[in-house]
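Report on one structure; see the data block that follows.
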Amino acid sequence: DMQYSIMRASVDQFDWRNLDVLDYPSYTSEPFNMVYAWHLTLVLLALKGGDIAMPGFQRLTQQYVLSLELAGAWQYAAFVALFVAEPRARARIVKGILARNVRATSSENLKRLMAAQVWRCPVSWWWDAQAA
């Protein structure tokens, strides 16, 4: 299970880059529940000096983005999408999330949405989403 894998990783008893041991079946039966796996992997990458460009982490990130957006948490989905390593893919994903979810009725409301974000993306992406 995930807790056992965390203990093994802390004492270097397994290859922590093998993300299969941290996937959702190790802690839940819900296939769209990637919360713990994604956050734990991010912590391991930070502690162990890993690279977010790892294919396993990139796949997990994209799955987590999808699950967050489907759950209606599009702001968090856009934040997590900023961890996509390839710049063009990252821009397309974030722009897509904004285009599907930003529906301000006026420029004042759009400015309020932009000010409320805890993450930063180019202002032009917000205006493009509003224009779509």
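The values are calculated or read from the model by the stated rules, or taken from the named source; none is laboratory data. This is a predicted model, so every value here is computed, not measured. Methodologically, a virtual Cβ is constructed for each residue, glycine included, from the backbone with ideal geometry; neighbour enumeration extends over all protein chains shown. These accessible areas exclude ligands, DNA and RNA; they are computed on the full protein's heavy atoms, side chains included. Shrake-Rupley method; radii C 1.70, N 1.55, O 1.52, S 1.80 Å.
Quick notes
- Carbon and sulfur %, accessible surface of region 63-132 computed with the full protein complex present, 1.4 Å: 58 percent
- Packing-based order for 82-90, 35-43, using average beta carbon neighbours within 10 Å, highest first: 35-43, 82-90
- With θ taken as phi - 60° and the Karplus curve 6.51 cos²θ - 1.76 cosθ + 1.60 applied, the whole-hertz 3J(HN,Hα) list for region 34-43 is 9, 3, 5, 4, 5, 5, 5, 5, 4, 5 Hz, x standing for glycine and proline.
- For Cys121, the amide hydrogen comes within under 5 Å of no other amide hydrogen, counting only partners 5 or more places away or on other chains and with H modelled in the peptide plane.
- Average silhouette area of region 45-88, convex hull of alpha-carbon atoms, in square nanometres: 3.3 nm²
- Contour minus Cα-Cα distance for Val35 and Arg120 (0.36 nm per residue): 28.4 nm
- Ratio Rg/Rh, restricted to region 72-132 and using Cα atoms, in which Rh is the Kirkwood radius: 0.94
- For region 30-132, the Cα gyration tensor yields ellipsoid semi-axes of 27, 14, 12 Å (square root of five times each eigenvalue, largest first, whole Å).
- Counting charges near Val123 (Lys, Arg +1; Asp, Glu -1) among other residues having Cβ under 15 Å from its Cβ returns a value of +2.
- The calculated FRET efficiency for the pair Ala71 and Ala46, based on their C-beta separation and a Förster distance of 35 Å, comes to about 0.90.
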